[in-house]
Every structure is written in structure tokens, then in C-alpha cells.
Amino acid sequence: MIRILAIFCILFSTSLRAETIKLAVTTSFHNSGLSDILLPEILADTGLEVQLLVVGTGQALRLGEAGDVDAILVHSKQAEVDFVANGFGTHRREIMYNDFVIIGPASDPSNIQNAQSADAALSQIASHKAAFVSRGDQSGTHKKELGLWQTANLDPEAFGGWYRSVGSGMGASLNIASSMNAHILSDRASWLNFGNKGALGLLFSGDPQLANQYAYIPVNPERHRHVNSSATIILEKWLTSRAAELLINGYEIGGQPLFVFNASPTR
Amino acid sequence: MNEIWAGLQAALFLVFTLDKDLVEITLRSLQVSLSALVIASAIALPFGTWLAIRRFRYRRATIAALNALMGLPPVVVGLIVYLLLSRSGPFGVLGLLFSPTAMIIAQVIIIAPLIASITHQAMRELWAEYHDLLISLNTTKRQRIFTLIRDGKRALLTAALAGFGRAIGEVGAIMIVGGNIDHATRVLTTAIALETGKGDFALALGLGFVLIALAMLVNFAIHALSRTEREGTW
């Protein structure tokens with residue numbers, strides 16, 4: 001018994017850590033692999049250890065509202081503006097953008113490769129009743145998809161069994177789409193980094209409607225006094241710096257650049 | 001089938017190169033689940049034994065409730081612990097959310113009823129055997145509980161190992177209260193969920209094999225250390 005306790009004590013010893021900041025980010029940002037590049041650089045440049053909570057945009061905003069994180073990095077403009085207007089965040093700072101793409105069976109049965117716009121492409125999928133996987137988790141990607149259906153004057157509530165709302169993160173949803181050989185809206189980075197593409201291919205991209213802007217919002221320290229606001233300022237400064245610009249613009253998967261840095265030097 | 005092979009290869013590769021991240025999350029898995037096991041055992045073993053020897057009015061109801069709690073859904077436990085520890089919840093000032101401590105709390109709640117229930121079942125039979133002897137020796141309640149725990153340690157070991165098994169393989173609750181933060185709260189099960197999400201089935205499966213091996217290793221280690229199945233110490 002004493003031996004068991006001794007082993008237990010050894011396991012329980014913990015080490016000291018650098019200053020930490022909790023940042024809620026979207027699954028699409030993390031699945032793209034960019035965070036693996038940025039975090040070690042942030043630690044080296046500022047001594048700040050960024051702890052990522054990888055969740056959907058909806059949950060990230062909730063974490064910020066409750067004060068469980070110090071800052072959020074998300075991509076759903078209207079929800080972000082509301083978040084700041086309601087006093088949960090101090091301000092919204094745009095950092096970078098990438099774009100959404102429509103993924104589907106590489107044989108393209110609904111012929112959306114030649115669609116005029118993103119909403120036209122979705123209309124074609126709907127008219128063919130071709131299988132479509134929706135994130136269904138109130139994430140930024142999900143909200144974008146709902147916006148596109150609205151533009152196309154279609155109501156997902158009224159769709160039949162071909163429309164599957166799976167309520168999962170980007171990667172899990174892509175896995176489901178891959179096994180069902182279904183269409184799905186994904187951000188380009190997650191798609192390129194995804195390891196289980198199966199028979200799926202990139203069918204449609206390039207419509208300005210599909211731009212995907214990421215913004216950084218520090219949680220309001222007036223509302224939550226425990227928020228590490230000095231760290232959120234250091235992190236914001238780094239994310240909008242020249243070093244960040246070079247790393248973000250230089251990040252490529254398979255020779256394709258993914259993100260475009262567009263933070264203005266001053267707020 | 002190819003993916004299972006690739007998973008086995010990934011597991012062997014990770015183990016033999018002693019991958020730094022793998023060692024870290026494996027140790028954290030052990031730390032969280034063993035802490036939860038020790039705390040839950042400290043509560044549940046005496047409680048289960050006490051329940052076996054003590055007769056009181058709501059005993060039946062308590063036992064029925066305990067048995068029902070064995071099936072407590074981890075996801076719901078996680079959600080409740082999350083809401084309690086959240087900064088806007090009642091225990092928010094402690095700042096425990098998204099820390100290994102929060103994961104330990106959730107796991108204690110999940111496994112304590114299981115351990116207490118198995119303990120109670122085993123102790124009830126032992127008590128039937130010891131009842132007359134311990135009463136005639138005029139022992140106190142406390143002495144009776146400790147005698148039963150000492151003589152029934154093999155059954156208690158089984159109870160504890162069942163609890164450990166449930167804790168080490170659990171993902172729903174610790175994902176919610178821990179947040180799967182790299183280098184802070186990532187453990188084997190949440191890492192498996194993450195890699196599956198990335199579509200990297202080989203690595204996910206590799207981690208899965210490591211998890212299975214770890215669970216077996218802990219079981220063997222505890223058996224060896226407590227010297228069961230040996231002559232003279234039944």
C-alpha cells in the first residue's frame with residue numbers, strides 16, 4: 001500500500017509554468033495546423049504560453065461571456081459585433097482571413113463546379129437532393145452555411161433526409177461527409193490538412209461571399225476581474241506584428257498559401 | 001484493415017522513440033486517473049463497507065440509489081461540473097475550470113458510486129461470515145469496518161480497478177471540464193478524439209493501443225505490488 005502511495009506521489013509532482021493565457025479558438029483555426037506554427041513563436045518572442053481551447057465559435061463566445069477564457073479568436077462577424085456591443089469584449093481586431101470552399105464527391109454529380117455563385121451551387125445541391133453534411137453546431141462555418149441557404153432562398157428546416165445536421169467539429173464533420181460521400185462547406189485550411197479525403201474533392205471556391213475573416217477579441221476585464229488583461233494586450237500586439245504577418249502569410253500546405261494577414265497596424 | 005495495421009505501427013513507433021508528447025499525455029492520464037482513484041477509494045471503500053454493516057432506515061433506498069448512480073453518464077457529470085466551476089458559476093472564484101484538478105473532480109464523481117457499490121456487494125457477504133465473531137468480541141463500529149476492509153482487500157482491489165478502468169478510458173466529462181488544452185489538460189482519450197477529428201486514424205489508433213497497454217500495465221502493477229495470488233496472502 002505504501003509503495004502504491006509512493007508511486008502516486010511521484011506522479012503527482014507538477015512543474016512550474018510560464019505565464020499563461022487561455023484563448024478560445026475555432027476548430028477550423030486549429031485543424032488548419034497554423035496554431036502549431038504560431039504558438040511556439042509566441043512563447044519564444046513574448047514568453048507567453050497560449051493555452052488553446054478548441055471549440056466552435058458559438059461555444060467560444062459562451063466561454064468569453066462566462067469569463068472562462070482571457071480572449072477569443074473566432075470567425076463570425078455578426079456574433080462578434082454583438083459580443084462586443086453587449087460589453088463582453090473590449091474591442092474586435094481583425095487578424096487574417098482565409099476562405100470557405102464547397103467539398104463534394106469528386107465526380108460532381110450536381111455539377112456545381114460551374115455554378116455562378118456559392119448560393120447557386122447550394123441551390124443545385126438542393127435540387128438534386130444530393131447528400132449534404134451540415135456542422136449544425138452554431139460555429140462560424142455553420143452560420144456561414146445558414147447565411148448562404150438564406151441567400152439562396154431555401155430553408156434547411158424544410159429539407160429532407162439528404163441534409164444531415166451532425167452537430168460536430170470541422171474534422172468530425174469532414175469524416176462523416178467522407179464516409180457518406182456527401183457535400184459539405186469547409187474552410188480551405190481544414191480541408192487541405194484533412195487526412196481522410198476519400199472520394200471527396202474541392203468543387204467550388206472563389207466567390208467573395210465565401211471569405212472567412214478571423215478576429216481577436218479580448219474579454220472585458222471590467223466584467224471579469226480575473227482576466228489576464230496584460231497578457232491579452234501582449235498577445236494582440238504580437239498577432240498584429242510583422243513577425244505574425246510573415247508567419248501567417250508564409251504558412252502553406254502542399255504549396256498553397258492558406259491565410260492572408262490583414263490586421264491594421266493601429267487599432 | 002490497412003488502417004489498423006498503420007495504427008499498430010504508429011503505436012510501436014511512438015513507444016519505441018519515446019515520443020515526448022506521448023510521454024507527457026500518458027503521464028497526465030495516469031496522474032488524473034490515479035488521483036481520482038485514490039480520492040474516490042478513500043471515500044467509497046469505507047462508505048461501501050459501512051453500508052454493509054450498518055442498519056438504518058433508508059438503507060435500501062441508499063443502496064438502490066448507489067446502484068443507479070453506477071450508470072451516471074459522464075457527459076452529464078462533465079456538464080454539471082463545468083457549470084459549477086465556470087467563472088460565472090458558484091465555484092468560479094477558485095479558477096479551477098480547464099485544469100487537471102477539474103478533471104479529477106469529475107472523475108471522482110463518476111467512479112465513486114461504482115467503487116462503493118461493488119465494495120458494498122462484496123462486504124455484505126464477508127459481513128455475513130464475520131458477523132457473529134465480531135459482535136461476540138464486542139468490537140466498535142470502527143474496528144468492524146477496518147477488519148472487513150483488511151480481510152476483504154482482494155474484493156476491494158477489484159472494486160478499485162473497476163473504478164480505474166472507467167476513469168482512464170473516460171472522455172466525455174474530461175473533454176468538457178478539461179478543454180483538451182495542449183501541454184495542460186490533454187490526456188490520451190482526448191488526444192484520440194482530436195486526432196480522429198483531424199482524420200489521422202493511424203495516430204488516433206496508435207494512441208488507442210498505448211491506452212489499452214497502459215490500462216493493462218497498471219492492473220498488473222497493482223496486482224504485483226499488493227502481492228495477491230500468492231501463497232499465504234490470500
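The values are calculated or read from the model by the stated rules, or taken from the named source; none is laboratory data. The structure presented is a predicted model; accordingly, all values stated were derived computationally and were not measured. Don't worry about glycine lacking a Cβ; one is built from the backbone with ideal geometry, like all the others, and counts go over all protein chains shown.
Worth a mention:
- Residue that is more than 30 Å from A:Asp36 (Cα to Cα), buried (at least 19 other Cβ atoms within 10 Å of the Cβ), out of contact with any strand residue (DSSP E or B) (no Cβ under 8 Å at 6 or more places or on another chain) and of a type outside the set (Gly, Ala, Ser), where the choices are B:Ile145, B:Ile135, B:Ile192, B:Ile176: B:Ile145
- Checked against the criteria, B:Phe209 counts as more than 14 Å from every other protein chain (Cβ to nearest Cβ) and either more than 16 Å from the chain's Cα centre (by Cα) or not in a helix (DSSP H, G or I) (or both).
- All positions within the range B:28-71 that are over 15 Å from B:Pro113 (Cα atoms) and either within 15 Å of the chain's Cα centre (by Cα) or of a type in the set (S, T, N, Q) (or both): B:Arg28, B:Ser29, B:Leu30, B:Gln31, B:Val32, B:Ser33, B:Leu34, B:Ser35
- Restricting the range A:122-143 to residues that are assigned to a loop (DSSP other than H, G, I, E, B) and among the charged types (D, E, K, R), the residue that is surrounded by the most Cβ atoms within 10 Å (Cβ to Cβ): A:Arg135
- Meets criteria (modelled with pLDDT of 90 or more, more than 17 Å from the chain's Cα centre (by Cα) and of a type outside the set (Asp, Glu)) for B:Val171: no
- Options B:Ala52, B:Ala36; residue that is surrounded by 17 or more Cβ atoms within 10 Å (Cβ to Cβ), away from chain A (no Cβ under 14 Å) and in contact (Cβ under 8 Å) with a residue 24 or more places away in the chain: B:Ala52
- Against the numbered list (1) over 13 Å from the mean Cα position of the chain (by Cα); (2) more than 30 Å from A:His30 (Cα to Cα); (3) in contact (Cβ under 8 Å) with a residue 40 or more places away in the chain; (4) within 11 Å of another protein chain (Cβ to nearest Cβ), B:Ile181 comes up short only at (2).
- Test result for B:Met216, closer than 27 Å to B:Ile80 by Cα and either within 11 Å of chain A (Cβ to nearest Cβ) or modelled with pLDDT of 90 or more (or both): no
Rundown of residues vs (1) out of contact with any Ser or Thr (no Cβ under 8 Å at 6 or more places or on another chain); (2) without any contact (Cβ under 8 Å) to a residue 24 or more places away in the chain; (3) closer than 30 Å to B:Leu126 by Cβ, yes/no style:
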| residue | (1), (2), (3) |
| --- | --- |
| B:Arg28 | no, no, no |
| B:Ala68 | yes, yes, yes |
| B:Val76 | yes, yes, no |
| B:Ser86 | yes, yes, no |
| B:Pro90 | yes, yes, no |
| B:Leu96 | yes, yes, no |
| B:Met103 | no, no, no |
| B:Ala112 | yes, no, yes |
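- Every residue from the range B:89-107 that is farther than 17 Å from B:Ile181 by Cα and surrounded by 24 or more Cβ atoms within 10 Å (Cβ to Cβ): B:Gln107
Conditions tested, residue by residue: (1) more than 23 Å from A:Val260 (Cα to Cα); (2) in contact with a helix residue (DSSP H, G or I) (Cβ under 9 Å, 6 or more places away or on another chain); (3) touching a residue at least 40 places away in the same chain (Cβ under 8 Å).
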| position | (1), (2), (3) |
| --- | --- |
| A:Asn98 | no, yes, yes |
| A:Pro105 | yes, no, yes |
| A:Ala115 | yes, yes, yes |
| A:Ala118 | no, yes, yes |
| A:His142 | no, yes, yes |
| A:Leu146 | yes, yes, no |
| A:Asp155 | yes, yes, no |
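- Leading residue by the ranking (surrounded by the fewest Cβ atoms within 10 Å (Cβ to Cβ)) among those in the range B:39-49 that are more than 14 Å from every other protein chain (Cβ to nearest Cβ) and not polar (S, T, N, Q): B:Ile43
- Residue that is nearest to A:Gly167 (Cα to Cα), among those in the range A:43-85 that are within 14 Å of another protein chain (Cβ to nearest Cβ) and over 19 Å from the mean Cα position of the chain (by Cα): A:Ala66
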